[in-house]
1. Hey, can you tell me all the residues within segment A:89-102 that are within 11 Å of chain B (Cβ to nearest Cβ) and among the charged types (D, E, K, R)?
2. Would you mind telling me which numbered condition in (1) closer than 30 Å to A:Gln121 by Cα; (2) more than 13 Å from every other protein chain (Cβ to nearest Cβ) B:Leu71 fails?
3. Write out, first by first residue and then by second, each pair whose Cβ atoms fall under 8 Å of each other, whose residues are 6+ apart or on separate chains, and whose first residue, in segment A:39-56, is within 20 Å of A:Leu169 (Cβ to Cβ) while the second is within 8 Å of ligand 1 (Cβ to nearest atom) and of a type in the set (S, T, N, Q).
4. Within segment B:343-361, how many residues are touching a residue at least 60 places away in the same chain (Cβ under 8 Å) and open to solvent by 10 Å² or more (accessible area, probe 1.4 Å)?
5. Need pairs with beta-carbon distance below 6 Å; first residue more than 13 Å from B:Ile324 (Cα to Cα) and within segment B:128-142, second of a type in the set (Lys, Arg) and part of a helix (DSSP H, G or I); sequence gap 6+ or separate chains.
6. Only one of these conditions is not met by A:Ala35: (1) within 30 Å of A:Arg251 (Cβ to Cβ); (2) more than 14 Å from chain B (Cβ to nearest Cβ); (3) more than 16 Å from ligand 2 (Cβ to nearest atom); (4) open to solvent by less than 20 Å² (accessible area, probe 1.4 Å). Which number is it?
7. What do you reckon, is A:Phe140 modelled with pLDDT of 85 or more and not assigned by TED's automatic domain parsing to the domain that holds A:Ile68?
8. Output the residues belonging to segment A:51-65 that are polar (S, T, N, Q) and either outside the structural domain of A:Ile219 (by TED's automatic domain parsing) or within 13 Å of ligand 1 (Cβ to nearest atom) (or both).
Amino acid sequence: MDLETKIHYPLVVTGLEVGYPDAPPLLTNVSFSVAEGEIFGLLGPSGCGKSTLLRHLVGLEPAKTGKIELFGQNLWAHDGAYLDRIRRKFGVMYQGGALFGDLNLIDNVSLPLIEFTDLPQGAIKAAAQLKLALVGLTGFEYYLPASLSGGMQKRAAIARALALEPGLLFLDEPSAGLDPVTSSELDNLIMTLARNLSLSFVIVTHELHSIMATLDRAILLDKGKKGIAAMGTPHFLAHESDSPEAAIFFRREESLLAPGKNK
Amino acid sequence: MIESQNHSPFRIEPAEPGRFVLKGSLNAHVPSKVWDVFSKFPRGQVRLDLASISSLDLNGAAQLLWLRERLRRRGVAAEFTDPPGNLIPIWRLAVDTLGPPADPPPRPHFFERMGRIHSEVWADFLSMAAFLGELLSHLLGFLVRPWRLRWADTFFLIEQAVIDALPVTALVAFLVGLILAFQSAMFMRLFGVDIFVADLVGLALIRELGTLLTAIVLTGRSGSAFSAELGAMKANQEIDAFVTMGLSPSRDLVLPRVMALTMATPFLTILANFAGLLGGNVVMVTLGHPIIVFWEELSGHIDLSDVMTGLFKAFVFGFTVATIGCQRGLAAGNGPTAVGQATTHGVVTNIIVLAVLDSLFAILFYVANW
Ligand SMILES: Nc1ncnc2c1ncn2[C@@H]1O[C@H](COP(=O)(O)OP(=O)(O)O)[C@@H](O)[C@H]1O
Ligand SMILES: [Mg+2]
């Protein structure tokens with residue numbers, strides 16, 4: 001094999017059917033792959049199944065048909081211990097943050113390091129503090145999650161997802177409910193991590209500005225089509241795609257962003 | 001990219017004095033004892049050469065920065081030579097981002113802690129008193145305009161409390177009656193006075209145990225449910241929404257619950273008493289006394305005042321259990337763990353208050369000679 005041109009794909013999804021066990025499928029035949037260092041978007045209207053797709057990808061909800069390969073390993077091919085080993089290679093930020101409420105931030109971030117490494121306590125503290133500093137939470141190390149704003153909780157959740165140096169990070173609506181300044185800080189953080197650590201991202205997002213600024217590629221999911229309506233770079237989806245769903249999605253988002261332009 | 005070299009084990013090789021060369025992959029999985037080389041390093045300077053490491057991640061960089069800080073505190077100045085070019089961005093990111101070690105907030109002094117606990121208990125007491133005052137004013141309002149109570153809610157809550165608690169209360173009361181009768185019968189038989197078992201069981205149940213039992217079961221089932229419901233509403237800001245709509249949580253949420261439990265408890269107590277007497281009766285029958293003898297004996301020695309004593313206490317206990325349960329729920333803090341804490345707190349407070357109240361009643365009734 002030609003090593004020069006070989007691209008690593010931490011995530012490859014083929015023919016996946018998305019849905020819950022006793023319900024009709026939400027999406028069918030979902031296929032895409034995410035390259036190393038790529039920031040990949042899952043777009044689509046509310047309720048079309050983005051969070052559910054994410055649950056399949058991180059191994060919380062078994063897939064009925066289709067294949068999910070993470071770091072070249074088939075997610076559902078083996079037993080639970082094998083699944084746990086794969087899980088340690090990626091990080092997840094859930095829609096609500098999902099920080100452990102009775103642990104302060106530094107303990108939240110330290111937890112995976114304490115569980116899975118035998119680093120000295122001081123080194124673990126330093127590593128956790130570094131991750132928190134990276135997401136701009138210096139000075140909040142000993143705060144409990146409940147005493148922070150929503151945006152800070154999300155950033156802390158990203159810091160925790162980074163604890164074990166994952167190669168791939170799943171983020172469910174990181175910028176939802178954040179002010180524009182915080183949201184663009186988060187975008188910058190994501191891009192810094194992708195460039196400097198060759199970290200790949202799979203991001204569920206609605207924020208047009210984030211979509212255009214951060215994503216390398218994205219798929220647009222659709223409820224009516226029960227699958228992928230369009231795939232490509234954000235520029236392609238917004239301006240060149242002939243998919244009617246893409247036109248609706250981007251035009252609506254744009255008109256929300258700049259109401260002055262609607263004449 | 002650098003995957004192929006990723007698996008070389010990390011090691012530290014001493015070069016000339018005061019200089020060490022680090023080699024291999026530096027990440028979270030290096031054995032922690034590799035750093036022990038530096039634990040006895042004398043004061044002065046040490047240079048750590050990173051130019052030969054094959055891979056580095058943020059957890060690896062954090063260990064180096066932690067080491068530098070640890071050495072600095074011992075009077076050793078550590079300096080690093082930059083890692084290979086492809087690792088410089090990560091290394092720079094870590095060096096530029098990590099500030100001085102964050103120290104946990106200091107633990108308050110013993111007297112300060114005691115003072116704080118003291119003032120918390122006092123604040124707790126005050127908020128309970130304020131809550132009780134507000135509730136009593138709504139109760140007065142209810143007496144003036146009874147039709148303003150949310151009767152539908154109240155009936156639903158009564159129904160729920162009774163249905164939830166009935167099987168457990170009946171079973172526990174039956175068994176307590178049975179055990180009480182059995183234990184005392186063993187002894188009284190020796191003197192041939194086992195007929196008095198009926199009075200013992202009857203009095204104990206009707207004056208004390210039936211009521212207390214019911215109240216404790218209600219604490220576990222209804223009181224804790226109230227704390228959890230209202231605590232979750234508090235955590236979800238539903239209580240705030242309630243207040244900003246111009247509704248009053250204590251009138252519209254607490255009062256129906258308190259009324260419901262105050263009415264349900266005497267009813268449940270009567271049923272508990274019957275279940276307990278039934279248990280005592282079973283023992284008497286097995287000892288050879290006909291059923292009728294048990295009831296005859298009871299009616300001879302237990303009068304209405306005994307029954308009323310028990311029922312009066314049941315009213316008070318029902319009121320207490322609901323009030324404390326609701327107050328703890330509304331006093332819950334923010335965050336998901338707060339609901340659990342509020343519930344536990346409510347149950348514990350309730351059990352203590354029930355025990356204290358029951359003792360006070362015992363003294364009161366003794367003095368008043370009821
Ligand atoms: N546990 C569940 N069981 C069955 N259906 C669910 C479950 N969770 C969510 N759904 C349904 O799946 C659909 C997609 O939900 P979700 O993936 O959360 O959408 P979104 O794209 O907004 O993240 C919704 O219609 C929702 O009602
Ligand atoms: Mg969602």
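The values are calculated or read from the model by the stated rules, or taken from the named source; none is laboratory data. Model, not experiment: these values are computed from the prediction. Using ideal geometry, Cβ is built from the backbone for each residue, glycine included, and neighbour counts are taken over all protein chains shown. Keep in mind that these areas ignore ligands, DNA and RNA; they rest on the heavy atoms of the full protein, side chains included. Shrake-Rupley method; radii C 1.70, N 1.55, O 1.52, S 1.80 Å.
1. Selection gives A:Asp102 alone.
2. Here B:Leu71 clears every test but (2).
3. That search, which allows pairs on different chains as well, returns A:Ser51/A:Gln95.
4. Looking only at that region, the number is 5.
5. Qualifying pairs under 6 Å: B:His138/B:Arg251.
6. Condition (2) is where A:Ala35 drops out.
7. On the way: modelled with pLDDT of 85 or more: yes; not assigned by TED's automatic domain parsing to the domain that holds A:Ile68: yes.
Yes.
8. A:Ser51, A:Thr52
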